[in-house]
Amino acid sequence: MPCEVWHSLLERCYEAETAYSQAITSSSGLVGVEFDKALQRAEQAREVSLVCEKALLHHEQMHDCIKKSAFAKAS
């Protein structure tokens, strides 16, 4: 089974993706300066999402808990 750190990182990824999606949705129908501000918030949320995803992938590569979990299930 994946470790607690992996689960925590996955949860952060989910929250970051949700925030990005909500930021994009909230920009719908806006114009001018308000649209620009919403777009900036969406871009910031996207960047956070990318950082979270990289952290999760790095953990998977370094900690190897996913492979260990798959091996344990196969045994």
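No lab work stands behind these numbers, since they all come straight from the coordinates. Being a predicted model, the structure only gives us computed values, none of them experimental. Reconstructed Cβ throughout: ideal geometry from the backbone, glycine too, with neighbour counts over all protein chains shown.
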Task: Computed FRET value (nearest 0.05) for VAL31 with CYS3, which takes r as the C-beta separation and R₀ as 35 Å - done: 0.15
Task: Pairwise label distance in nanometres, GLN44 with HIS58, each label 7 Å out on the Cα-Cβ vector - done: 2.2 nm
Task: Magnitude of the charge dipole, the chain, Cβ model with Lys/Arg +1 and Asp/Glu -1, debye to 20 - done: 240 debye
Task: Hull-based mean projected area of the chain, where the convex hull spans the alpha carbons, in square nanometres - done: 5.3 nm²
